[in-house]
Structures are given as structure tokens and as C-alpha cells.
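**Student:** Dropping the structure in here first, questions after.
The values are calculated or read from the model by the stated rules, or taken from the named source; none is laboratory data. Predicted, not measured: the structure shown is a model, and the values here were computed from it. Note: ideal-geometry Cβ built from the backbone for every residue, glycine included; neighbour counts use all protein chains shown.
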Amino acid sequence: MGSQVLARVVGVCGELVLRRSGPHHEIIANGTFLMDTRNGESERLLVDAAADRMPVGGRLLVGGLGVGFSLRAALAHPSVGEVVVVEREPAVIEWNTTHLGNADVLASPRVRVVAEDLLEWLPAAGTFAALCLDVDNGPEWTVDDGNAALYGPEGLDMLAGALVPGGVLAVWSSGAAPAFVAALTERLGPVEVLEIPVSRGEPDLVFLARRSGG
């Protein structure tokens with residue numbers, strides 16, 4: 001079955017395309033596949049793993065709205081209080097309220113949606129019990145150069161500083177990222193790696209690290 005283009009926009013990071021393939025939707029950035037609505041297992045694991053380990057009742061940040069899997073998982077977890085979603089592409093937010101069918105969760109009183117670049121917004125945003133990052137394709141395979149800065153030294157320092165004592169940083173990746181894990185270990189200590197098998201190729205990964213204290 002062929003794909004139908006539903007929307008095409010020039011976004012912050014370049015061309016974004018939303019297309020439908022059968023019952024599913026896909027988001028393409030600058031010709032590179034980013035995400036779809038087929039599964040969501042790795043996005044849910046990202047949030048659940050962080051929420052299982054974070055201080056109960058705390059504020060959880062989702063970096064990257066995607067197709068809404070992470071947000072729904074955060075709202076469903078009993079340890080999570082407020083959920084803040086930071087998404088720099090206004091079109092992705094709009095598509096979630098329309099084609100992707102997530103208007104209900106975006107309208108929840110526990111949800112705050114911020115249409116900003118995470119790197120620019122987070123330093124003045126206070127602290128969080130958990131930071132869940134599903135940005136681009138992971139630390140060492142970014143489609144957009146601006147996203148790469150989030151996983152570099154200054155970005156990691158900022159992320160570590162945004163955690164409460166005992167707070168958890170969870171990062172999704174489409175592949176291994178040894179340099180990132182080494183840098184994260186230097187800042188927060190031991191990094192736990194969870195694998196999510198995929199139908200083809202290497203497994204998706206979730207990297208977890210905790211700020212000391214708490």
C-alpha cells in the first residue's frame with residue numbers, strides 16, 4: 001500500500017513531512033525517517049523506566065513530542081505529577097492535535113506544552129524529577145546539527161543541572177553511543193542501558209543515569 005502525504009512544511013530544522021501509510025502515520029525530516037505510529041514500545045519504555053526510578057510525584061519533562069507515545073506513557077504512570085513537553089516544531093504539535101489523535105492528552109490539566117528549543121528553554125525552567133529525551137535519532141546520529149549540541153558537553157552539563165537530587169535522565173537512541181555514555185558517566189555516574197528489540201537491525205537503546213542525592 002502506498003503512502004499519502006498529509007502535510008509538508010518548512011520547520012525549524014528544515015522540511016517536515018507527515019504521511020499516512022495504511023492505518024499508520026510517519027514523520028519524515030529532510031528526507032530521513034524519524035518516527036511512526038506503528039509501535040511505540042521504545043518510547044513508552046523510555047518514560048516508564050525514568051518514572052520507575054524518579055522521586056514520586058515529581059515533574060517529568062518529555063523532550064520531543066513525536067507522535068505522542070511518550071506523553072501518554074507519562075500521564076499513565078502513577079509516579080508522575082506534572083508533565084512538561086518541549087517540542088520546537090510547531091507543526092508536530094499541530095499534527096498531534098489533528099491527524100495523530102492526541103488532542104485529549106495535550107489538553108490534560110497535568111500537561112504543559114512548550115513550543116521552544118530545549119537547549120534555549122531548559123536553563124531557566126527550574127528542576128525536574130525526570131528528563132526523558134527522545135530527540136532526533138539519538139546522541140550520535142542526529143539529523144539536525146542543532147540537536148547534536150544537546151548531547152555535547154554543554155548540553156549534558158545543562159541536563160545534569162536540571163535534575164533534582166535523585167532525579168533521572170533517560171535518553172532514547174537508535175543505536176550504540178559509547179562516547180555519549182562515557183561523557184554521561186563522568187557527570188552523573190554509572191549509566192544503565194536498556195535494549196528494545198526491533199524487527200530489523202540493531203535494538204533501540206535507552207540510557208539511564210541518576211543525579212546523586214535524594
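Here's the yes/no breakdown for (1) within 15 Å of TRP95 (Cβ to Cβ); (2) under 14 Å from the mean Cα position of the chain (by Cα); (3) among the hydrophobic types (A, V, I, L, M, F, W, C):
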site	(1), (2), (3)
ALA7	yes, no, yes
GLY14	no, no, no
ARG19	yes, no, no
MET35	yes, yes, yes
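**Student:** A further question follows. Looking at GLU154, is it closer than 19 Å to VAL12 by Cα, loosely packed, with under 13 Cβ neighbours inside 10 Å and without any contact (Cβ under 8 Å) to a residue 24 or more places away in the chain? Spell out how you get there, then give the answer.
**Tutor:** Values: closer than 19 Å to VAL12 by Cα: no; loosely packed, with under 13 Cβ neighbours inside 10 Å: yes; without any contact (Cβ under 8 Å) to a residue 24 or more places away in the chain: yes.
Taking the combined requirement at face value, the residue does not satisfy it.
**Student:** Within the stretch 78-88, work out how many residues are crowded, with 19+ Cβ neighbours inside 10 Å and either in contact with a Leu (Cβ under 6 Å, 6 or more places away or on another chain) or over 18 Å from LEU18 (Cβ atoms) (or both). Show your work before the answer.
**Tutor:** From the stretch 78-88, those crowded, with 19+ Cβ neighbours inside 10 Å are 80, 83-88; that's our starting set.
Keeping just the survivors that are either in contact with a Leu (Cβ under 6 Å, 6 or more places away or on another chain) or over 18 Å from LEU18 (Cβ atoms) (or both) gives 80, 83-87.
So the count comes out to 6.
**Student:** A further question on this structure: Quick one: would you say GLU120 is over 18 Å from VAL171 (Cβ atoms), modelled with pLDDT under 95 and part of a helix (DSSP H, G or I)?
**Tutor:** Details: over 18 Å from VAL171 (Cβ atoms): yes; modelled with pLDDT under 95: yes; part of a helix (DSSP H, G or I): yes.
So GLU120 passes the test.
**Student:** Please go through the stretch 161-176 and give me each residue that is within 16 Å of the chain's Cα centre (by Cα), among the aliphatic types (A, V, I, L, M) and surrounded by fewer than 24 Cβ atoms within 10 Å (Cβ to Cβ), ordered by number.
**Tutor:** Of everything in the stretch 161-176, just one residue is within 16 Å of the chain's Cα centre (by Cα), among the aliphatic types (A, V, I, L, M) and surrounded by fewer than 24 Cβ atoms within 10 Å (Cβ to Cβ), namely ALA162.
**Student:** Between a residue in the stretch 200-214 that is closer than 18 Å to ARG187 by Cβ and any residue that is part of a strand (DSSP E or B) and among the charged types (D, E, K, R), which pairs come within a Cβ distance under 8 Å, given they are 6 or more apart or on different chains?
**Tutor:** Once the first residue is closer than 18 Å to ARG187 by Cβ and sits in the stretch 200-214, its partners that are part of a strand (DSSP E or B) and among the charged types (D, E, K, R) give PHE207/GLU192; LEU208/GLU192; ALA209/GLU192.
**Student:** State all residues of the stretch 182-199 that are outside any loop (DSSP other than H, G, I, E, B), in contact (Cβ under 8 Å) with a residue 12 or more places away in the chain and not hydrophobic (A, V, I, L, M, F, W, C); if no residue qualifies, say none. Explain how you work it out, then say what you get.
**Tutor:** Taking the stretch 182-199 first, the residues outside any loop (DSSP other than H, G, I, E, B) are 182-188, 192-196.
Next, from what is left, pick out any that are in contact (Cβ under 8 Å) with a residue 12 or more places away in the chain: 183-185, 187-188, 192-194, 196.
Within the stretch 182-199, THR185, ARG187, GLU192 meet the criteria.
**Student:** Name the single residue that is surrounded by the most Cβ atoms within 10 Å (Cβ to Cβ) among those in the stretch 19-50 being among the polar types (S, T, N, Q) and modelled with pLDDT of 90 or more.
**Tutor:** Looking only at the stretch 19-50, we keep the residues that are among the polar types (S, T, N, Q), and these are 21, 30, 32, 37, 39, 42.
From the residues that got through so far, the ones that are modelled with pLDDT of 90 or more too are 21, 37.
Details: SER21: 14, THR37: 19.
Only one residue tops the list, namely THR37.
**Student:** What single numbered condition from (1) more than 27 Å from ALA149 (Cβ to Cβ); (2) touching a helix residue (DSSP H, G or I) at 6+ places or on another chain (Cβ under 6 Å); (3) buried (at least 18 other Cβ atoms within 10 Å of the Cβ) fails to hold for LEU16?
**Tutor:** Of everything listed in (1) more than 27 Å from ALA149 (Cβ to Cβ); (2) touching a helix residue (DSSP H, G or I) at 6+ places or on another chain (Cβ under 6 Å); (3) buried (at least 18 other Cβ atoms within 10 Å of the Cβ), LEU16 misses just condition (1).
**Student:** To continue, here is another question. Are any residues in the stretch 26-35 in contact with a strand residue (DSSP E or B) (Cβ under 8 Å, 6 or more places away or on another chain), part of a strand (DSSP E or B) and farther than 10 Å from SER3 by Cβ, and if so, which ones?
**Tutor:** Just the residues of the stretch 26-35 that are in contact with a strand residue (DSSP E or B) (Cβ under 8 Å, 6 or more places away or on another chain), to begin with: 26-31, 33-35.
Filter again for part of a strand (DSSP E or B), leaving 26-29, 33-35.
Of everything in the stretch 26-35, those that are in contact with a strand residue (DSSP E or B) (Cβ under 8 Å, 6 or more places away or on another chain), part of a strand (DSSP E or B) and farther than 10 Å from SER3 by Cβ turn out to be ILE27, ALA29, PHE33, LEU34, MET35.
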